[in-house]
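Shown next, in structure tokens, is the structure this report addresses.
Rule-based calculations on the coordinates, nothing more; no lab input. Note that the structure is predicted; figures quoted are calculated from it, not measured. Glycine also receives a Cβ, built like all others from the backbone with ideal geometry; neighbour counts cover every protein chain displayed.
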Amino acid sequence: MTSTTIATPSRRVHAGFSFARVGAMVLRYWYLLANSWPRAVELVYWPTVQMLTWGFVQSYIAAKSPYFAGAGGLFVAALLLWDVLLRSQQGFAFAFLEEMWSRNLGNLLMSPLRTSEFVASLMVISLIRLTIGMVPVTLIAIPLFGFNIWGLGGALAIFFANLVATGWAMGFLIVGLLLRHGLGAEALSWSLMFVLMPLTCVYYPVGILPAWLQPIALALPPTHVFEGMRAVLIDHVFRFDHLAWAVGLNIVWLGAGIVAFRVLLAAARRAGSLVQQGE
Amino acid sequence: MSALPLPTVDLALDVRDLVKCFGAVRAVDGLSFALAPGRTLGLLGGNGAGKTTTIGMIMGLVRPDGGTIRILGRDPERERSALLAEMNFESPYVDMPHRLTVRQNLTVFARLYEVERPRERIAELARDFALEPFLDRRSGALSAGQKTRVALAKALLNRPRLLLLDEPTASLDPDTADWIRSRLEDYRRETGAALLIASHNMAEVERLCDDVVILSSGRIAAEGTPAELMRRFGRDGLEEVFLDVVRGRGTADERAEKEARP
């Protein structure tokens with residue numbers, strides 16, 4: 001075998017983290033949404049159905065109970081914030097699943113795309129999906145039920161950021177499981193978050209839970225967000241203690257999610273499961 | 001295909017004593033081979049011989065249990081992203097997103113590989129691979145031959161110095177397969193790139209490959225140029241050589257020796 005010169009063009013490839021590659025992946029997911037109207041409709045359809053259902057329940061209960069009449073939009077707000085949590089996780093995991101469904105993962109894993117860039121693109125697309133899905137629903141709730149979640153102002157931004165952080169933490173775990181176990185772990189991306197629903201006390205205060213279950217509920221960041229939301233809507237106070245707990249727990253959860261993802265990715269490389277998925 | 005020169009490197013791919021075990025199974029067992037720039041190496045072997053695992057280790061998708069891999073003179077463990085920008089891969093077993101048009105898919109990959117002037121490069125490849133009539137059609141609506149042409153266009157977007165091809169003409173009609181092989185020969189001749197081809201099509205290997213490595217149970221069972229192998233095994237084609245190797249019939253001398261025994 002002889003040695004020869006390889007002639008190739010000049011390149012501007014970033015050795016480190018590349019925002020251009022993140023942008024390429026976001027563009028890929030944007031094309032997918034733009035080319036597939038059922039996907040775009042699905043983003044809005046279910047939050048709208050949920051909001052209508054809970055909005056009418058809220059109206060009925062408020063008409064019967066002076067307590068709930070004073071806490072305008074409690075159920076609708078809880079539902080909308082729950083959807084932020086659920087859809088930030090699903091947006092993260094489903095964007096990754098799109099690569100598995102289309103058998104494109106091999107192309108991506110064998111491209112210069114770094115894992116950190118791939119993950120960053122999943123985060124960005126989950127925010128885009130969340131915006132498309134949630135903004136119209138929150139606007140519909142204003143004339144229909146007289147509830148304006150945007151009226152929460154800065155508190156809404158804080159609740160939103162914390163719920164998205166928890167959603168991404170779960171997303172890291174699910175994507176790690178998908179890398180290691182393939183589409184066999186797909187069902188988790190649909191259902192795992194619902195395990196948290198009764199424990200995070202979306203529609204009722206933590207005090208309703210049995211005493212032994214309350215410490216578990218309080219170890220979940222969203223529980224503090226939903227408690228904080230009720231404090232704002234019912235007592236008209238912002239509970240900084242719940243905010244501090246939510247932020248602190250989210251740091252732990254996100255850290256644990258990233259560690260789980262890295263461990264599962266390393267295990268997938270050892271077991272050769274990335275090659276199987278690529279094909 | 002226009003190109004600018006880069007520094008000389010000795011080997012495009014240097015694999016030494018590569019080992020990969022899955023439990024008690026040694027899928028790759030002390031594999032060593034080298035691929036120089038401007039050469040094409042055929043990696044052959046029956047199902048489960050270790051070809052896919054070897055390619056997976058070269059691409060960094062499978063962690064080796066032993067041995068070393070150097071690509072373009074560099075360590076892929078340390079410089080994975082930078083090296084992958086100088087490589088590319090094509091396989092009929094990996095698709096591009098069906099919902100995206102051919103142009104959209106090529107645009108995304110051009111950006112992932114940070115190709116300069118991506119529109120011009122896509123237009124150039126569309127001409128070379130006759131993609132223009134279906135450039136704005138969804139990738140999922142293409143025929144097998146069209147998909148392969150698009151996949152090869154994607155694989156050449158970044159003008160790779162090392163191109164890995166996994167059965168590049170599988171399921172194609174003879175005319176399209178011949179056309180694809182001609183494009184690969186053109187690309188290698190024009191750029192001096194190195195090609196590693198895993199294939200079960202022996203006619204393809206005879207035509208494209210300068211060197212051949214035949215794997216069996218994760219080890220090299222035979223290697224050499226196609227002509228050398230045919231001479232050593234006393235056969236007229238690589239297909240018979242392949243059968244001799246995987247069925248353990250041995251070289252021409254070994255067969256003659258067996259027949260001479262009482």
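At-a-glance table
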{"read-out": "Packing-based ranking, highest mean first, of B:39-47, B:233-241, A:88-96, B:181-189 given that Cβ atoms within 10 Å are counted", "value": "A:88-96, B:39-47, B:233-241, B:181-189"}
{"read-out": "Cβ-based exposure ranking for A:VAL44, A:VAL263, A:VAL76, in which fewest neighbours within 10 Å come first", "value": "A:VAL263, A:VAL44, A:VAL76"}
{"read-out": "Mean ellipticity per residue at 222 nm, deg cm²/dmol - from DSSP H runs of n ≥ 4 across chain A, formula -39500 (n - 2.57)", "value": "-25000 deg cm²/dmol"}
{"read-out": "Stokes-Einstein translational diffusion, region B:90-159 - Kirkwood Rh over all Cα pairs, 1.567 mPa s, 4 °C, in µm²/s", "value": "111"}
{"read-out": "Computed FRET value (nearest 0.05) for A:VAL247 with A:ASN148, which takes r as the C-beta separation and R₀ as 25 Å", "value": "0.45"}
{"read-out": "Over the protein assembly as shown, volume per residue of the alpha carbon convex hull, in Å³", "value": "170"}
{"read-out": "Antiparallel DSSP beta bridges within chain B, percent to nearest 5", "value": "55"}
{"read-out": "Which of A:VAL164, A:VAL206, A:PHE194, positive extreme of dipole for chain A (C-beta unit charges)", "value": "A:VAL164"}
{"read-out": "Cα→Cβ-extended label distance, 7 Å offset, between B:ARG232 and B:ARG138, nm", "value": "5.0"}
{"read-out": "Debye log10 I(q)/I(0) for region A:19-278, one point scatterer per Cα, at q = 0.09, 0.12, 0.14 Å⁻¹", "value": "-0.43, -0.74, -0.97"}
{"read-out": "Nearest-20 debye value, chain A charge dipole, Cβ charges on Lys, Arg, Asp, Glu", "value": "660"}
{"read-out": "Charged-residue dipole, Cβ positions (Lys, Arg, Asp, Glu), region B:90-159 about Cα centre, Debye nearest 20", "value": "160"}
{"read-out": "Relative contact order (%) - criterion: Cα under 8 Å, at least six apart; region: chain B", "value": "25"}
{"read-out": "Sites A:TRP30 and B:GLU257 - FRET efficiency at Förster radius 45 Å, r taken between beta-carbons, to 0.05", "value": "0.10"}
{"read-out": "Globularity index of chain B, i.e. its alpha-carbon radius of gyration over 2.2 N^0.38 Å", "value": "1.06"}
{"read-out": "Inter-label distance for B:ASP175 and A:TYR45, nm, one decimal - labels placed 7 Å from Cα along Cα-to-Cβ", "value": "4.3"}
{"read-out": "Furthest towards positive pole of dipole, A:SER36, B:PRO168, B:SER32, structure part the protein assembly as shown, Cβ charges", "value": "A:SER36"}
{"read-out": "Calculated FRET value between A:ALA161 and B:TYR93, using beta carbons and R₀ = 30 Å, to 0.05", "value": "0.15"}
{"read-out": "Exposure proxy order (Cβ contacts within 10 Å, fewest to most) of A:VAL206, B:VAL25, B:VAL245", "value": "B:VAL25, A:VAL206, B:VAL245"}
{"read-out": "Dipole of chain B, positive direction: furthest Cα of B:LEU106, B:LEU238, B:GLY66, with charges on the beta-carbon", "value": "B:LEU106"}
{"read-out": "Debye log10 I(q)/I(0) for region A:160-258, one point scatterer per Cα, at q = 0.10, 0.14, 0.16, 0.17 Å⁻¹", "value": "-0.30, -0.56, -0.70, -0.78"}
